[in-house]
Every structure is written in structure tokens, then in C-alpha cells.
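Q: Please see the structure below; I have some questions.
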Amino acid sequence: MSAIPGPTSHIYFSQQLRLHYVDWGNEGKPPLLLIHGGRDHCRNWDWVAEALREDYHIIAPDLRGHGDSDWIRGGTYQTTDYVYDIAQLIHQLELGPLSVIAHSMGGSIALRYAGLFPETVKEMVVMEGLGMPPKIIKERMSVPVQKRMRGWVKQMREMSARSVRKYPTLDEAVDRMQEANPHLSKEQARHLTIHGVNRNEDGSYSWKFDNYVRVFPSSGMSQAETEEIWSNITCPLLMLRGAESWASDPIADGRASHFKNARFEVIENAGHWMHHDRLEEFLRLTRGFLG
């Protein structure tokens, strides 16, 4: 980490939720929004922000139900609500037109936002933000709606009975972080864990995210509607995929055809978290793409 002071914490409000973001300063520079993925937090971007902070005014939010942002009342986290939160942040801070880097679920949110408000986005880097591969979506939608909905009710009921996992020591939480992504160094895993846990009254540690973010919502936009929104994106797109990730190839599976101005790249020796797994290669591609 750099000796330069780190980011400052701020709060904004969306749908009566108190949401958190960090601001890396340098307000005279072009705005750059960094959107994290599911069960993650805004400080996962620290290495990227450190590398780009001299050239951009960087804002990194904690999505609802994540990091230091409020959890919702209830248990259904809809992508459309995340999109609204991002739209509110950009509107309130008057950030548009801006550049965006987004990962995983954050990429899905960013792509929908860019399709709804194309005039506010100059350029976008998205890491595996297209959601589940078409094969899995097709299998899911082949299940009769009654059975799908009953399965959702069962999953929500099970989640309501699930206790928050507690780790007796920070080191045990760090080990779990490293288990989830073996590419991480011990230093990376510790940094991500420190910013990703709260300490409980009994001295144990628990992840900050709401367990309900694990459950796929029961309804929302259809795949056809999502693809229509993708087709409305006008800014240049750099779409990145890790060669060792679970994500399918959008060129091979046909999803690339819905984007007008997109470049697709694969990062070798990287999984789903390529900005951690191969930081220098990620930065090389990103710097080369951003205006």
C-alpha cells in the first residue's frame, strides 16, 4: 500500500437505506466508479485505486447488504434496486459522464445502468459481469414456475434459520478468504478480510455482508429484456474473463453479439477475481483501454 493517505468514507441515501462509499480524492480529475461483486466490499479495489488514483477521481461504493452499507428490510436483493442505488450515487455526486470498472455482480449492475443511461457512461471495463452462463439459465427456466417458486420459498426459509458464521480469530477468517480464492497472497487475503469483517461482542469475527444476498431473487428482468438493455449501451466496453474461472466464453455462447462496441480479452492464470489474481496484467489492459 502507498504511503499517501487512503480514501475517505462517506454516506448517501437511496430508498431510505444508508449506503457507504469511499472517495480517493483528486476531484479535479475525470470520475471513475469502481463497483464490487457479490459478498464483497469497496475496499477490495484498494490495489486498483492506488494504481489509478493519480489519473482519476475514484469513487467506490459498498452495495446495499455489503460492507458498511445498510442491509435491507426483508430478504430479496433485486438487481434493479442495485441499479437504482448506483444511479442515485452518480446523480447525487454529479459524476456523469464517467468511466466505470466493475466486477461480477457489480458488472451486471453496471451493464444495466449503462444500457438505461448510456449518455452518462464514457467507457467501461467489466470483469465477468454477464451473470450465469446461458446453459445454466436455460436449465433453470426449464423448471416449471410453480416448482421454481416453491424452491425459492424453501431457500428463503432455510436462509432465515441460518446463523451468521463466527470465526474465533481473524486468522481463521483470513484462511477462509484464502480458501475461497487460492490465488490470493497472505497479504491480500488479510487486507480483504480486515475490511470485510465486523468484530462481534464475544470477540469473534463475522463477514459484513447480509446472508440473504446469497439467494437469487424470485423475479426480475427476463434474459431477453436484459439483452435488450445490453444492446442500448453506446460506450466502448472492455470485457475481461479469467481463463481459470467458471464463467463461460461470451463469444462462444453468443452473448457477445448483444454488444455494439465491445472488446473481449482473456487473462491467463486468473480465476474469477482477476484484478487480484493478475493485478499487473489487469492494469495493463485497463490502462490501455481507458481514455
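Please treat every number below as a calculation from the coordinates, not as lab data. From a predicted model like this one, the values you see are computed outputs, not experimental measurements. Note that each Cβ is placed from the backbone with ideal geometry, even for glycine, and that neighbours are counted across all protein chains shown.
Q: Which value, in debye to the nearest 20, describes the size of the charge dipole of the chain about its Cα centre when Lys and Arg Cβ atoms bear +1, Asp and Glu Cβ atoms bear -1, and nothing else is charged? Please report the intermediate quantities before stating the final value.
A: Numbers: 33 positive and 37 negative charges, 220 e Å.
In debye, rounded to 20, the chain gives about 1060.
Q: Below 11 angstrom from the Cβ of residue 164, what's the summed charge of the other residues (Lys, Arg +1; Asp, Glu -1)? Display every interim value, and only then the final one.
A: Values: positive: 162, 165, 166, 208; negative: 210.
Charge balance near residue 164 sits at +3.
Q: Considering amide H positions built from the backbone, and no H for Pro or chain starts, which residues 5 or more places from residue 57, or on another chain, come under 5 Å of its amide H?
A: Excluding prolines and chain starts, which carry no amide H, the hits are 29, 32.
Q: Could you tally the net charge around residue 210, taking each other residue with its Cβ under 10 Å from the Cβ of residue 210, Lys/Arg +1 and Asp/Glu -1?
A: Working: positive: 39, 64, 208, 214; negative: 70.
Net of charged neighbours comes to +3.
Q: Which of the lysines could be linked to residue 122 by a straight reach, that is with a Cα gap under 17 Å, when you skip same-chain ones fewer than 8 residues away?
A: List returned: 29, 260.
Q: Residue 94 to residue 8: extension gain in nm, 0.36 nm per residue of separation minus the Cα-Cα distance?
A: Values: separation 86, 0.36 × 86 = 30.96 nm, distance 1.80 nm.
Using 0.36 nm per residue and subtracting the Cα-Cα distance, I get 29.2 nm.
Q: Let me check I've understood the local charge: for residue 242, count other residues with C-beta under 11 angstrom from its C-beta, Lys and Arg +1, Asp and Glu -1. What total comes out? Before the final figure, lay out each step's value.
A: Details: positive: 241, 278; negative: 128, 244, 265, 268, 277, 281.
Residues close to residue 242 contribute a combined charge of -4.
Q: Looking only at the chain, where both bridge partners belong to it, what percent of the DSSP beta bridges are antiparallel (to the nearest 5)?
A: On the way: 14 of 37 bridges.
Antiparallel bridges make up about 40 percent of those DSSP assigns within the chain.
Q: How do 169, 286 rank when sorted from fewest to most other Cβ atoms within 10 Å of their own Cβ? If you can, show how the numbers build up before the last one.
A: Values: 169 11, 286 19.
Placing the least packed residue first, the sequence is 169, 286.
Q: Mind listing the long-range amide H neighbours of residue 263? Cut-off is under 5 Å, sequence gap 5 or more, other chains count too, H placed in the peptide plane at 1.01 Å from N.
A: HN-HN under 5 Å from residue 263: 237, 238, 239.
Q: Charges at C-beta only: +1 for Lys and Arg, -1 for Asp and Glu. How large is the resulting dipole of segment 117-217 about its Cα centre, in Debye rounded to 20?
A: So the dipole magnitude of segment 117-217 works out to roughly 700 debye.
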